[in-house]
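A short worksheet on the structure shown next.
The values are calculated or read from the model by the stated rules, or taken from the named source; none is laboratory data. Keep in mind that this is a model prediction, so the values were computed, not measured. No Cβ is skipped: glycine too gets one built from the backbone with ideal geometry, and neighbour counts run over all protein chains shown. Surface accessibility is based on the protein's heavy atoms, side chains included, excluding ligands, DNA and RNA. Shrake-Rupley method; radii C 1.70, N 1.55, O 1.52, S 1.80 Å.
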Amino acid sequence: MTKVIIDGQELDVPPEYTLLQACEAAGAEIPRFCYHERLSIAGNCRMCLIEVKGGPPKPVASCAQNIRDLRPGPNGEPPQMFTKSPMVKKAREGVMEFLLVNHPLDCPICDQGGECDLQDQAMAYGHDGSRYQENKRAVEDKYIGPLVKTIMTRCIHCTRCIRFSQEIAGVPELGAIGRGEDMEITTYLEHAMTSELQSNVVDLCPVGALTSKPYAFAARPWELNKTQSVDVMDAVGSAIRIDTRGREVMRILPRNNDDVNEEWISDKTRHVVDGLRTQRLDQPYIRTNGRLRPATWAEAFAAIADKVKAAGNNVGAIAGDLAGVEEMFALKDLMTRLGSANIDARQDGAAVDPAWGRGSYIFNATIAGIEKADALLIIGANPRREAAVLNARIRKRWRAGNFPVALIGEKADLTYTYDYLGAGAETLAGFGKSKFAEAFKAAKNPLIILGAGALARKDGATIASLAAKAATEFGVIADGWNGFSVLQSAASRVGALDIGFVPGKGGKTAAEMAAGGTNVLFLLGADEIDVAAGSFVVYIGTHGDKGAHRADVILPGAAYPEKSAIYVNTEGRVQMANRAAFPPGEAREDWAILRALSDVLGQKLPYDSLGSLRQALFAAYPHMMRLDQIAAGDAAHVSALANLGGSFDKAGFAPPVGDFYLTNPIARASAIMAECSALANGAAKTAAE
């Protein structure tokens, strides 16, 4: 640690700190436009100027100099810095004046109004007039895709967007052309950006040059109610903020959570908003003579009760990928009271089983733990498509250096280099003979990421066993480190496995139920599975998707921003999604639907409120009450999994996510996601040609 004096306050700071970081540690507020904590230093806006005693007789850019570069005083006194001196104030006012020379007077009509860093700093350091009479610079707007709107005349060339696309997203599509006043930021030949994280540049832009195209002119920030929640588009559980106006969700933004998503979210998470308004189920329906007709809740419940009574205990339930823990707990409770063990949350047929232990199905290394790893083997996964934010974390570790990566499965552009070992289980079984195995064994903290694509096969249990065997043989599990990590692709999966939402003794799997194995089948938002004719299907969900098309009775439920629910992410972290809006029409929260239905079925569930439901849940599964904490998996579970053995198919691993933008009913109802999907598939087709 190094002693420094900042504005008369003495403190110890690490020598690798920049002057800006040291000043902020002392409580000083330093304005900046180009500097960002998670990006490389550019030092080109000069707004962060401070005065350094004993240094050059001019202001210093605090973002571009380290504490270790400062000289002590003539008698060994600690270096002194000033952030509020007259020199600093005058220098910042001069920088602001230059920044505003070419900046247009768009504030009243700018979409960034109220959230603009330049606007905020101009209040502190700006003048009420300009001394420059020259014409302002004008730049043509660029097309960079359907998600990001450009008004490049406002650009102050901070280059945050360029550095993000190169360093974090790993898809270097943005760059600068020209020099000086002729400099412009654009994509190559104005092609659309293709990164799944591209919209984060909107949050990074300190002016209104890059704004959200779907959200343009929809609302002002002071009109919105802001609710903290978590994302369910994948199993990462990114921290998000849902902004609503009245009953309508207007936009979704990221929240900072260093343990999960840092401050990034995927484009699907951000722009799925319009899917919440489209094709919504807002009243019950009953199928009569082959056609669905609107019905009352009483009619729908009566129709279900008649069928359940006739079916006896030959009923089943499948939970979908977006279901919260509470409604799955209530549905499991109802099935148990009806005498049925036919429950399953694995629509894709993935070979994960709570009987094998929690350590066999969670991301044991944790997402933040990726940064501690020093070698990585990816098995049957495409993290860029399945968990874009987690993939950015892998890239972050890869950029730090000394991080060999290998892939077994389908080849893909993962934004970092890797050794391709092979396509399927045969390669995994012979992993010890590969050249990469030497580097993997030499690693101190080796990491295995086992994807859902490898598990969702008939030989999935064997694949899991082979991966666990590799983990035990190559030191993936050691004191203080468990690198055996399963990357789930569904937000509901780990929570469902935690509460045992899998077939009981003699119970049928999701595939067996969908093939007509039950007389009555409940689908709790299950839209990724084809149900054969024969079963009476009750669909509890939000959108007119595959499940609703097959249903005989539809009960309208609440989407994730419309309910308070617990989700458990792929690393086993328990998280709370808070209600930001209300479901449309007659739609109700899923657990409330099940509670009302249980009364009609004569198997009344013993909780009348969400609070009492959670009390029952916490009594049965105590770790569910520890929000934002991870109940660690036992390393012994991985060792036991390694002993399963079995025979395997030689076919290559297929990715579980075919189209990144259309993975669930909300995304498939979104016109924006459809446009992104068409653009991505068109780009892929062009590349293939």
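Figures for the structure shown
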{"read-out": "Any pair with Cβ under 8 angstrom, 6 or more apart, that starts in segment 397-408 at a residue that is at positive phi and of a type outside the set (Gly, Ala, Ser) and ends at one that is open to solvent by 30 Å² or more (accessible area, probe 1.4 Å) and assigned to a loop (DSSP other than H, G, I, E, B)", "value": "Asn402/Asp374"}
{"read-out": "Answer residue from segment 452-509, given it is among the aliphatic types (A, V, I, L, M) and assigned to a loop (DSSP other than H, G, I, E, B) and is nearest to Asn364 (Cα to Cα) among those", "value": "Val476"}
{"read-out": "First in segment 208-234 and on the phi > 0 side of the Ramachandran plot, second anywhere and modelled with pLDDT under 95 and in a loop (DSSP other than H, G, I, E, B), Cβ under 8 Å, 6 or more apart", "value": "Phe217/Asp111"}
{"read-out": "Gly585 vs. criteria part of a loop (DSSP other than H, G, I, E, B), in contact with an Asp or Glu (Cβ under 6 Å, 6 or more places away or on another chain) and open to solvent by 10 Å² or more (accessible area, probe 1.4 Å)", "value": "yes"}
{"read-out": "Qualifying residue in segment 559-569 (condition: touching a residue at least 40 places away in the same chain (Cβ under 8 Å), open to solvent by 10 Å² or more (accessible area, probe 1.4 Å), over 30 Å from Met250 (Cβ atoms) and part of a loop (DSSP other than H, G, I, E, B))", "value": "no"}
{"read-out": "Filtered residues of segment 35-48 (kept if open to solvent by less than 20 Å² (accessible area, probe 1.4 Å) and over 15 Å from Leu204 (Cβ atoms))", "value": "Gly43, Met47, Cys48"}
{"read-out": "Candidate set: segment 121-145, residues that are of a type in the set (D, E, K, R) and within 30 Å of Glu196 (Cβ to Cβ); chosen: the one nearest to the chain's Cα centre (by Cα)", "value": "Lys142"}
{"read-out": "Enumerated helices (runs of 4 or more DSSP H) restricted to segment 383-433, each holding at least 1 residues that are under 25 Å from the mean Cα position of the chain (by Cα)", "value": "383-386, 388-399"}
{"read-out": "Matching entry among Arg595, Arg626 (being open to solvent by 10 Å² or more (accessible area, probe 1.4 Å), touching a strand residue (DSSP E or B) at 6+ places or on another chain (Cβ under 9 Å) and of a type in the set (Lys, Arg))", "value": "Arg626"}
{"read-out": "Residue check for Ile252: touching a strand residue (DSSP E or B) at 6+ places or on another chain (Cβ under 8 Å) and open to solvent by less than 10 Å² (accessible area, probe 1.4 Å)", "value": "yes"}
{"read-out": "Subset of segment 181-211 (residues that are closer than 15 Å to Met152 by Cα and among the small types (Gly, Ala, Ser))", "value": "Gly208, Ala209"}
{"read-out": "Test: residue in segment 258-276 that is open to solvent by less than 10 Å² (accessible area, probe 1.4 Å) and over 27 Å from Gly145 (Cα atoms)", "value": "yes"}
{"read-out": "Boolean, Asp634 is acidic (Asp, Glu) and in contact with a helix residue (DSSP H, G or I) (Cβ under 8 Å, 6 or more places away or on another chain)", "value": "yes"}
{"read-out": "Neighbours by Cβ (under 7 Å, 6+ apart or cross-chain): first from segment 73-85, assigned to a loop (DSSP other than H, G, I, E, B); second of a type outside the set (D, E, K, R) and open to solvent by 50 Å² or more (accessible area, probe 1.4 Å)", "value": "Gly73/Gly54; Pro78/Pro72; Pro79/Gly54; Pro79/Pro72"}
{"read-out": "Lone qualifier among Asp608, Asp634 - being open to solvent by 70 Å² or more (accessible area, probe 1.4 Å) and touching a residue at least 40 places away in the same chain (Cβ under 8 Å)", "value": "Asp634"}
{"read-out": "Pair list, Cβ under 8 Å, 6 or more apart: segment 644-659 residue more than 20 Å from Lys411 (Cβ to Cβ) and of a type in the set (Ser, Thr, Tyr), other residue at pLDDT 85 or above and surrounded by 13 or more Cβ atoms within 10 Å (Cβ to Cβ)", "value": "Ser647/Asp459; Ser647/Thr462"}
{"read-out": "Condition check for Ser670: buried (at least 21 other Cβ atoms within 10 Å of the Cβ) and either within 20 Å of Ala491 (Cα to Cα) or among the hydroxyl-bearing types (Ser, Thr, Tyr) (or both)", "value": "yes"}
{"read-out": "Answer from Ala642, Ala577 - the residue that is of a type in the set (A, V, I, L, M), crowded, with 19+ Cβ neighbours inside 10 Å, touching a helix residue (DSSP H, G or I) at 6+ places or on another chain (Cβ under 7 Å) and within 24 Å of Leu147 (Cβ to Cβ)", "value": "Ala577"}
{"read-out": "Residue that is modelled with the lowest pLDDT [pool: residues in segment 317-369 that are over 24 Å from the mean Cα position of the chain (by Cα) and of a type in the set (Asp, Glu)]", "value": "Asp353"}
{"read-out": "Residues of segment 464-497 that turn out to be surrounded by 22 or more Cβ atoms within 10 Å (Cβ to Cβ) and over 15 Å from Leu428 (Cβ atoms), as a count", "value": "14"}
{"read-out": "Which listed residue, of Leu281, Leu334, is among the aliphatic types (A, V, I, L, M) and open to solvent by 10 Å² or more (accessible area, probe 1.4 Å)", "value": "Leu281"}
{"read-out": "Residue match in segment 110-131 (condition: touching a strand residue (DSSP E or B) at 6+ places or on another chain (Cβ under 8 Å) and either surrounded by fewer than 17 Cβ atoms within 10 Å (Cβ to Cβ) or without any contact (Cβ under 8 Å) to a residue 24 or more places away in the chain (or both))", "value": "no"}
{"read-out": "Every residue from segment 645-667 that is open to solvent by 40 Å² or more (accessible area, probe 1.4 Å), touching a helix residue (DSSP H, G or I) at 6+ places or on another chain (Cβ under 6 Å) and of a type in the set (A, V, I, L, M, F, W, C)", "value": "Phe648, Ala654, Leu662"}
{"read-out": "Long-range neighbours under 7 Å by Cβ, at least six apart or interchain, first residue more than 10 Å from Leu147 (Cα to Cα) and touching a residue at least 12 places away in the same chain (Cβ under 8 Å) within segment 187-205, second open to solvent by 10 Å² or more (accessible area, probe 1.4 Å) and among the β-branched types (Val, Ile, Thr)", "value": "Thr194/Val171; Ser195/Val171; Leu197/Ile168"}
{"read-out": "Residue match in segment 86-96 (condition: in contact with a Pro (Cβ under 7 Å, 6 or more places away or on another chain), without any contact (Cβ under 8 Å) to a residue 24 or more places away in the chain and open to solvent by 60 Å² or more (accessible area, probe 1.4 Å))", "value": "no"}
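For (1) in a helix (DSSP H, G or I); (2) aromatic (Phe, Trp, Tyr); (3) closer than 18 Å to Pro556 by Cβ, each residue gets a yes or a no:
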residue: Thr269; (1), (2), (3): yes, no, no
residue: Ala298; (1), (2), (3): yes, no, yes
residue: Asp306; (1), (2), (3): yes, no, no
residue: Ala310; (1), (2), (3): yes, no, no
residue: Ala323; (1), (2), (3): no, no, yes
residue: Leu331; (1), (2), (3): yes, no, yes
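Matching residues to (1) of a type outside the set (D, E, K, R); (2) crowded, with 19+ Cβ neighbours inside 10 Å; (3) under 27 Å from Leu487 (Cβ atoms):
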| site | (1), (2), (3) |
| --- | --- |
| Ser195 | yes, yes, yes |
| Val207 | yes, yes, no |
| Thr211 | yes, yes, no |
| Ala216 | yes, no, no |
| Pro221 | yes, no, no |
| Lys226 | no, no, no |
| Ser229 | yes, yes, yes |
